[in-house]
Amino acid sequence: VMIISDTNVFPLYGEKVCSSLQRAGKTVETVVIKAGESSKTLQQTYRIIKDSSSFKMERQDTILTLGGGVVSDIGGFVASVYLRGINFVAVPTTLLSHVDAAIGGKTAVNLPWGKNLVGSFYQPGFVYIDTGTLATLPDKEIKQGIAEIIKYGVIKNKKIFEVLEKSSLQETKRNLRWLVEESIKIKKQVVEKDERETKGIRETLNFGHTIGHAIEIKYNKKFNHGQAVAIGMVWESLIGTKLGITPVNVYKRIKSVVKKYGFALDINKTDKSLLMDAITYDKKTRNGAIRCSLPERIGKTVCGIEVTAHAVQKTWEEFRHESGDK
Ligand SMILES: NC(=O)c1ccc[n+]([C@@H]2O[C@H](COP(=O)([O-])OP(=O)(O)OC[C@H]3O[C@@H](n4cnc5c(N)ncnc54)[C@H](O)[C@@H]3O)[C@@H](O)[C@H]2O)c1
Ligand SMILES: [Zn+2]
């Protein structure tokens with residue numbers, strides 16, 4: 001078994017996983033990459049493949065990723081191409097990877113001009129989740145996962161949403177195991193129906209992500225993924241109200257949950273025309289319109305709604321105004 005981990009996670013959990021595998025009679029090798037998104041490159045992929053060769057990894061051997069989405073994305077990618085594919089097991093350690101990155105079989109690395117541009121669909125043999133690992137995860141990273149859990153509530157599970165609505169942040173943190181289980185069930189159901197994203201079903205998972213991605217790209221460092229998706233969920237719901245798809249009270253509930261978990265909706269300094277460009281150049285663009293999944297009620301979205309750049313622009317002032325009223 002070759003463990004791929006990062007410089008933050010390996011010192012915390014590496015020894016435990018190594019000794020557990022050794023007790024089970026496995027020979028263990030380890031590759032530790034620098035923590036962070038900057039490691040998700042083809043150069044790093046090449047280094048890991050080189051290590052796999054020098055450890056004489058064969059097709060019946062296993063790559064085990066121990067870490068967040070960065071580690072499972074690059075490790076899963078190596079597992080899918082090394083020797084045309086070897087066994088892959090994911091042991092995710094961030095809330096985001098528990099509910100999202102390690103589930104669904106997408107692997108990828110970045111190119112200098114864009115995120116996740118090289119990758120594969122490659123399912124792990126299994127995913128082993130221990131929510132105990134969240135005890136060491138910084139709050140900022142917990143919040144990234146919470147943004148995705150809010151999304152799952154809105155798109156498929158009213159109960160998740162109501163629990164998030166009623167609970168304080170501290171209560172939510174104590175309830176993470178249940179939230180993780182329910183979130184995974186949703187992602188699993190959706191992915192099983194549309195594994196390779198060819199049927200439009202997987203699009204429901206994009207709620208908040210069409211505008212979210214644009215914000216993330218435009219504001220590389222200012223907004224992390226969770227923060228950008230939080231803004232995206234509120235803004236897309238506002239657009240939904242204009243199209244007569246999202247009832248106003250649904251929009252208001254989404255906005256208030258997002259605010260309650262401490263996501264700032266402040267995009268005051270955003271340059272309007274650049275953001276519009278970023279939105280329309282997003283990969284979900286078709287025929288100049290962006291495709292959104294918009295909530296019809298809490299627990300159900302309508303997929304593939306084409307929203308014109310003009311319609312997004314029209315909500316710009318209102319979004320800024322509305323999000324400012326704390
Ligand atoms: N494949 C997919 O379907 C999919 C879905 C969503 C996101 N992603 C990808 O996932 C990545 C983001 O994942 P992420 O948010 O897990 O980021 P990450 O892997 O960078 O982890 C975030 C930070 O937390 C640290 N960390 C991880 N576990 C820890 C723990 N238990 N205790 C203390 N520190 C810990 C990491 O070292 C890192 O510094 C992005 O590259 C994104 O593209 C992939
Ligand atoms: Zn996301």
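The values are calculated or read from the model by the stated rules, or taken from the named source; none is laboratory data. All values derive from a computational prediction rather than experimental measurement. Counting neighbours? That spans all protein chains shown, and the Cβs are built from the backbone with ideal geometry, glycine included. For the accessible areas, the whole protein counts, side chains as well, though only heavy atoms, and no ligand, DNA or RNA atoms are used. Shrake-Rupley method; radii C 1.70, N 1.55, O 1.52, S 1.80 Å.
For the reader, a short list of remarks on this structure follows.
- Here Thr133 fulfils each of the conditions (1) open to solvent by 20 Å² or more (accessible area, probe 1.4 Å); (2) away from ligand 2 (no atom under 16 Å from the Cβ); (3) hydroxyl-bearing (Ser, Thr, Tyr) apart from (1).
- Every pair of residues 6+ apart whose Cβ atoms lie under 9 Å, when the first sits in region 310-323 and is more than 13 Å from Val234 (Cα to Cα) while the second is open to solvent by 60 Å² or more (accessible area, probe 1.4 Å): Ala311/Lys242; Ala311/Leu243; Gln313/Lys272; Lys314/Lys242
- The residue list Ile239, Ile279, Ile215, Ile184 contains one member that is more than 14 Å from ligand 1 (Cβ to nearest atom), within 25 Å of His98 (Cβ to Cβ) and part of a helix (DSSP H, G or I), which is Ile215.
- Test for Glu192: is it surrounded by fewer than 14 Cβ atoms within 10 Å (Cβ to Cβ), modelled with pLDDT of 95 or more and under 19 Å from Ala135 (Cα atoms): no
One line per residue, one yes/no per condition, for (1) in contact with a strand residue (DSSP E or B) (Cβ under 6 Å, 6 or more places away or on another chain); (2) at pLDDT below 95; (3) of a type in the set (Val, Ile, Thr):
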site: Tyr219; (1), (2), (3): no, yes, no
site: Ala228; (1), (2), (3): no, yes, no
site: Met233; (1), (2), (3): no, no, no
site: Val250; (1), (2), (3): yes, no, yes
site: Arg253; (1), (2), (3): no, no, no
site: Ser256; (1), (2), (3): no, no, no
site: Lys269; (1), (2), (3): no, yes, no
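- Across region 48-68, the qualifying residues are those that are open to solvent by less than 20 Å² (accessible area, probe 1.4 Å) and part of a helix (DSSP H, G or I), and the one among them that is nearest to Arg177 (Cα to Cα) is Ile48.
- Val91 vs. criteria modelled with pLDDT of 95 or more, outside any helix (DSSP H, G or I), under 24 Å from Lys140 (Cβ atoms) and open to solvent by 60 Å² or more (accessible area, probe 1.4 Å): no
- Number of residues in region 143-158 that are part of a helix (DSSP H, G or I), open to solvent by 10 Å² or more (accessible area, probe 1.4 Å) and either more than 9 Å from ligand 1 (Cβ to nearest atom) or closer than 13 Å to Asn206 by Cβ (or both) equals 3.
- The lone exception for Gly114 - which of (1) touching a helix residue (DSSP H, G or I) at 6+ places or on another chain (Cβ under 9 Å); (2) more than 11 Å from ligand 1 (Cβ to nearest atom); (3) touching a residue at least 12 places away in the same chain (Cβ under 8 Å) it fails: (3)
- One residue stands out among those in region 101-120 that are surrounded by 15 or more Cβ atoms within 10 Å (Cβ to Cβ) and among the hydrophobic types (A, V, I, L, M, F, W, C): the one that is farthest from ligand 2 (Cβ to nearest atom), which is Val118.
- Residue count for region 242-259, restricted to those that are outside any helix (DSSP H, G or I) and polar (S, T, N, Q): 1
- Inter-residue pairs, beta-carbon under 6 Å, first within 14 Å of ligand 2 (Cβ to nearest atom) and in region 197-212, second basic (Lys, Arg) and modelled with pLDDT of 90 or more, 6+ apart: Phe207/Lys151; Gly208/Lys151
- Failed condition for Val180, given (1) in contact with a helix residue (DSSP H, G or I) (Cβ under 7 Å, 6 or more places away or on another chain); (2) over 25 Å from Leu275 (Cβ atoms); (3) open to solvent by 10 Å² or more (accessible area, probe 1.4 Å): (3)
- Condition check for Phe10: aromatic (Phe, Trp, Tyr) and either buried (at least 24 other Cβ atoms within 10 Å of the Cβ) or in a loop (DSSP other than H, G, I, E, B) (or both): no
- If the condition is being charged (D, E, K, R), within 17 Å of Thr107 (Cβ to Cβ) and not in a loop (DSSP other than H, G, I, E, B), then region 189-203 contributes only Arg202.
- Enumeration of residues in region 213-241 that are within 14 Å of ligand 2 (Cβ to nearest atom) and open to solvent by 60 Å² or more (accessible area, probe 1.4 Å): Ile217
- Residue match in region 152-175 (condition: closer than 26 Å to Gly240 by Cβ, out of contact with any helix residue (DSSP H, G or I) (no Cβ under 9 Å at 6 or more places or on another chain) and touching a residue at least 12 places away in the same chain (Cβ under 8 Å)): yes
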